[in-house]
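Here is the structure we will look at.
The values are calculated or read from the model by the stated rules, or taken from the named source; none is laboratory data. Computed from a predicted model, the values in this text were never measured in an experiment. As a convention, Cβ positions derive from the backbone with ideal geometry for all residues, glycine included, and neighbour counts pool all protein chains shown. Heavy atoms of the whole protein, side chains included, go into the accessibility calculation; ligands, DNA and RNA do not. Shrake-Rupley method; radii C 1.70, N 1.55, O 1.52, S 1.80 Å.
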Amino acid sequence: MENAHNNTSASGMESKEFTVLVALLMSITAISIDALLPALGIIGKELGAVTANQPQLLISMLFLGLALGQLICGPLSDALGRRPILFAGFALYLVGTVICYQADSLDVLMFGRFIQGLGVAGPYISAISLVRDLYHGAQMARIMSLVMMIFVLVPAIAPTLGQAIMLVADWRSIFELYLVYAACLIVWIAFRLKETLPKSNRIPFTKKGFYEGFKEVLTNRITASYTICMGLFFGSFIGYLNSSQQIFQVQFNTGNLFAFYFGLLALVLGVASLINSRIVEKHGAKFIAFRAIFVVVIASLAFFSLHAFVAISLWMFMVYAAIFFFCFGLLFGNVNALAMEPMGHVAGIASAVIGSVSSIMSLSIGTLIGQMYNNTLMPISGGFAITGTLALCIIYWAEKGRVEESVPVEGSAA
């Protein structure tokens, strides 16, 4: 009870309010991506897209901004405190949103999305740091599991919000939603959230410290391997995200039901995340992650092969998608935890570097897969099969090295 009271006084709010705020801070990335998905086809037609796949880049550009923004926001958050980075991030996000709202071409809209991405890096990075500042051990795990329960609901609801706005207004009004969402969070933070990182605990930002942290992440066999695995596997997932509007609305002609099917799959991911939080202590993150990737590879190879024998229907895709969404839910936190495991002494910079490097990899792979979309599901399933196989090989190599390093050399001191 005393710990809970101390955490309350440090943040300025009760733990329930704090949990909801952290979840919504994390969710700004998801809502910025998913609410726009139903509008991609219309935006492409209105702003003169050269190809049907070009509007997908509106998703990729936000990821690019987020990937680069993490490198800046992570170390600065540890050096300056959480509140300044939150306010700076939201200011950038608002600027990007206004640019998008006024855009008269796809190029301008993509630039605005990039600025939005840089902006969301602030709240995204700060959300985890806020929890880390105030909670430890079992308390931290409990808060994060509650945060994730709220967080996973956003991808399920966001496309429906976007679709609902499209029924009564045009696509630009989705950016009005973003403005209102961000403004509400800014007011909430300004009046309710105290600074959670005392000056005595801040880590001055230095070029040498950043370089050393970057070097340590990339030269540690375990951390580098799991970072690459995140980039590979999540790259295929971004490929699906980029193509999802075309898959549902064009290939399967679901119309306004796109939001329903997309949300259903997002809930599968949420259920898997909840199950993972209950079983990870018993079975271990490595055990779960390896098997989840293996299942995706087998399912993807089977689904890819299926194209040669039958015409793929919506229900077939939903079964396959439910499998990789469920497995993604099992992987979501585990692979990141495995990458961070050896980095406790440089957690702030390591988290930023791991997030940024894996995000840039994911963005590149996801954009490539998305741009290969050809009104079939072969690029998606093929992408999961290839990246998943590579990820399994890298995990095997990393863990084999860990075992070899832990075995004493013959003749050495025990």
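Keeping all protein chains in the complex and leaving out DNA, RNA and ligands, what accessible area do you get for Val20 with a 1.4 Å probe, in Å² to the nearest 10?
Only protein atoms counted, so the area is about 60 Å².
Taking the Cβ of Asp78 as the centre, find all other residues whose Cβ is under 11 Å away and add up their charges (Lys, Arg: +1; Asp, Glu: -1).
Numbers: positive: Arg82, Arg132, Arg202; negative: Asp133.
Within the 11 Å Cβ shell, the charges total +2.
So with the 1.4 Å probe, I'd like the accessible area per residue for the chain, rounded to whole Å².
Numbers: 18070 Å² over 414 residues.
The answer is 44 Å² per residue.
Using alpha carbons only, how many angstrom separate the centre of segment 267-318 from the centre of segment 141-209?
Segment 267-318 and segment 141-209 have Cα centres spaced 28 Å from each other.
In whole Å, largest first, what are the principal axis extents of the Cα atoms in segment 206-405?
53, 37, 29
Tell me, which longest segment in the chain has none of the trypsin sites (Lys or Arg not before Pro) that fall in DSSP loops with at most 15 further Cβ atoms within 10 Å? Don't jump to the answer; show the numbers that get you there.
Details: sites that count: Lys194, Arg202.
No qualifying site falls inside 203-414, the longest such stretch.
Go ahead and run the numbers for FRET between Arg221 and Arg291, Cβ-Cβ distance against an R0 of 25 Å, rounding to 0.05.
Working: r = 22 Å, r/R0 = 0.87.
Efficiency at R0 = 25 Å is approximately 0.70.
Is the chain rounded, prolate or oblate when judged by the Cα gyration tensor, a ≥ b ≥ c being the square roots of its eigenvalues, rounded requiring a/c under 1.5 and prolate requiring a/b larger than b/c?
Working: a/c = 1.66, a/b = 1.12, b/c = 1.49.
Since a/c reaches 1.5 but b/c is at least a/b, the shape of the chain is classed as oblate.
Under Stokes-Einstein, with the Kirkwood radius over Cα pairs standing in for Rh, what whole-number D in µm²/s applies to segment 1-199 at 4 °C and 1.567 mPa s? List each step's numbers first, then the result.
Working: Rh = 17.4 Å.
Value of D from the Cα-based Kirkwood radius: 75 µm²/s.
Please identify every one of the chymotrypsin sites (Phe, Trp or Tyr not before Pro) in segment 292-379 that sits in a loop by DSSP and has no more than 10 other beta carbons within 10 Å of its own beta carbon. Write down the numbers at each step before the final one.
Working: sites: Phe294, Phe303, Phe304, Phe309, Trp315, Phe317, Tyr320, Phe324, Phe325, Phe326, Phe328, Phe332, Tyr373; in loops: Phe309, Phe332, Tyr373.
Counting only loop positions with at most 10 other Cβ atoms within 10 Å, the chymotrypsin sites (Phe, Trp or Tyr not before Pro) in segment 292-379 are Phe309.
Enumerate the whole-percent occupancy of each 5 Å bin, from 0 to the last occupied one, for all C-alpha pair distances of segment 101-252.
P(r) for segment 101-252, in whole percents per bin: 2, 6, 8, 14, 19, 17, 14, 11, 6, 3, 1, 0.
About the Cα centre of segment 1-199, what is the dipole size in debye to 20, counting +1 per Lys and Arg Cβ and -1 per Asp and Glu Cβ, all else neutral?
Roughly 320 debye, rounded to the nearest 20.
Just to make sure I understand: if all protein chains stay in place, what is the order of Ile31, Ile203 by accessible area at 1.4 Å, largest first? Please list the in-between numbers first.
On the way: Ile31 10, Ile203 100 Å².
Ranking Ile31, Ile203 by accessible area, largest first, yields Ile203, Ile31.
Express in nm, to one decimal, how much length is gained between Phe260 and His136 on full extension, taking 0.36 nm for each residue of separation and deducting their alpha carbon distance.
Values: separation 124, 0.36 × 124 = 44.64 nm, distance 3.75 nm.
Gain on extension, Phe260 to His136, equals 40.9 nm.
If I compute solvent accessible area with a 1.4 Å probe over the protein chains, what percent of it on the chain is carbon and sulfur?
Details: 12500 of 18070 Å².
Here it works out to 69 percent.
Taking the Cβ of Glu195 as the center, what net charge do the other residues with Cβ under 11 Å away carry, scoring Lys and Arg +1 and Asp and Glu -1? Write down the numbers at each step before the final one.
Details: positive: Arg82, Arg83, Lys194, Lys199, Arg202; negative: Asp133.
Summing Lys and Arg as +1 and Asp and Glu as -1 gives +4.
Pairs of lysine in the chain with Cα under 26 Å and at least 8 positions apart or on different chains: total?
Counting lysine pairs in the chain gives 9.
In the Gaussian network model of the chain, springs joining C-alpha atoms below 10 Å, which of Gly382, Gly235, Gly119 carries the largest mean-square fluctuation?
Of Gly382, Gly235, Gly119, the Gaussian network model singles out Gly382 as fluctuating most.
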